[in-house]
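Below: one structure, written as structure tokens.
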Amino acid sequence: MNNIEESLRRGDALLIVDVQKDFCPGGALPIQDGDKVVPILNRWIAAAVVKSLPIYASRDWHPVGHISFKERCGPWPPHCIQDSDGAGFHANLKLPKSVVKVTKGTRFDRDQNSVFDETGLAEDLRKKGIKRLLVGGLAEDVCVLATVLDGCREGFEVTLISDGTRPISVPGSEKARKKMLQSGVHFVTTN
Ligand code: VGL
Ligand code: ZN
């Protein structure tokens, strides 16, 4: 067993947040080194597969002209438009056939940063006996942060894969880590 496998146990699930082309260099809302999370998260995915642990992958999935876009006075350039190439998962992310996809950001009236926000995810995790979530992906200071905090509120133990995430901004990352620490989030680094 390698180190990652040793750290995983029954009752764990892996949650990969929004590792989509639009959030990587060359995409519509590129995050610096966003693509660097891919080889790291692939190692966690492989370990979760070996241990038969559930793997969830979320995707930001906006309708054309979404309320979060600049054209509607939102904060973001258009990104992750449903069925567009940019909304696809990063081409090198090795998601297994068994992955559970969670789609969010489809609401017309408001944005959904957290993967828990009206998706029913917490119910599915509980049904499968999940106690702990290992979370990585994009962006650390937006959707990863919102998801991790909601995961804690829902009563799960949450561990952030600290080198398997990247922020939109450095100050955003510092604030996010502080909030996570205050909420009891654990941190693990892939070696
Ligand atoms: C995200 C900005 C806008 C994210 C989604 O996945 O972190 N960030 N939409
Ligand atoms: Zn979005």
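Worth a mention:
- Near Ser84, once Lys and Arg are set to +1 and Asp and Glu to -1 for all other residues with Cβ below 15 Å from its Cβ, the sum equals -3.
- Distance between the pseudo-spin-label points of Lys131 and Gln32 (7 Å out from Cα toward the beta carbon): 4.0 nm.
- Spacing of the two label points (7 Å from each Cα toward its C-beta) at Lys175 and Thr119, in nm: 2.3
- Amide H contacts of Asp163 (H built 1.01 Å from N, in plane; Pro and chain starts excluded): Thr190 sit under 5 Å, all sequence-distant by 5 or more or on other chains.
- For segment 156-168, 3J(HN,Hα) computed residue by residue from phi via the Karplus equation (6.51, -1.76, 1.60; θ = phi - 60°) reads 8, 6, 10, 10, 8, 7, 5, 9, x, 9, 9, x, 6 Hz, glycine and proline entered as x.
- Packing-based ranking, highest mean first, of 97-108, 141-152 given that Cβ atoms within 10 Å are counted: 141-152, 97-108
- Size of charge dipole - segment 3-188 - debye, nearest 20, with Cβ of Lys, Arg +1 and Asp, Glu -1, no other charges: 480
- For Arg177, net neighbour charge (Lys/Arg +1, Asp/Glu -1) across residues whose Cβ lies under 14 Å away: 0
- Take each peptide in 51-57, 82-88, count the other Cβ atoms within 10 Å of every residue, and average; sorted highest first, the result is 51-57, 82-88.
- Per-residue ellipticity at 222 nm from helix content only, as computed over the chain with -39500 (n - 2.57) for each DSSP H run of at least four residues, stands at -7500 deg cm²/dmol.
- The H on the amide N of Ala57, modeled in the peptide plane, is under 5 Å from the matching H of Ile16, Val100, Lys101, Val102, each at least 5 residues off or on a different chain.
- Put the Cα centre of segment 108-186 next to the Cα centre of segment 20-84 and the gap is 14 Å.
- In a fully extended conformation the segment linking Val50 and Asp83 would gain 8.8 nm over its present Cα-Cα distance, using 0.36 nm per residue.
- Directionally averaged projected area (convex hull, Cα atoms, segment 3-188), nm²: 9.8
- Taking 1.306 mPa s as the viscosity and 10 °C as the temperature, the Stokes-Einstein diffusion coefficient of segment 55-148 based on its alpha-carbon Kirkwood radius rounds to 111 µm²/s.
- A Gaussian network model of the chain, with springs between Cα atoms under 10 Å, assigns the largest mean-square fluctuation among Val19, Val135, Val37 to Val37.
- Backbone phi angles across segment 53-70, fed through the Karplus curve with coefficients 6.51, -1.76 and 1.60 (θ = phi - 60°), yield HN-Hα couplings of 9, x, 10, 10, 10, 8, 9, 7, 8, 8, x, 3, x, 4, 4, 7, 8, 4 Hz in residue order; Gly and Pro are listed as x.
- Met1 versus Lys97: modelled label distance in nm, points set 7 Å from Cα along the beta carbon direction: 2.7
- Our coupling estimate for segment 169-182, obtained by passing each phi through the Karplus curve with A = 6.51, B = -1.76, C = 1.60 and θ = phi - 60°, is 9, 5, x, x, 5, 4, 4, 4, 5, 4, 4, 5, 4, 4 Hz, Gly and Pro reported as x.
- Each other residue within a Cβ distance under 11 Å of Lys36 adds +1 if Lys or Arg and -1 if Asp or Glu, for a net charge of -2.
A short reminder: the numbers here are calculations on the coordinates, not readings from a lab. Just so it is clear, the model here is predicted, and its values are computed rather than measured. Methodologically, a virtual Cβ is constructed for each residue, glycine included, from the backbone with ideal geometry; neighbour enumeration extends over all protein chains shown.
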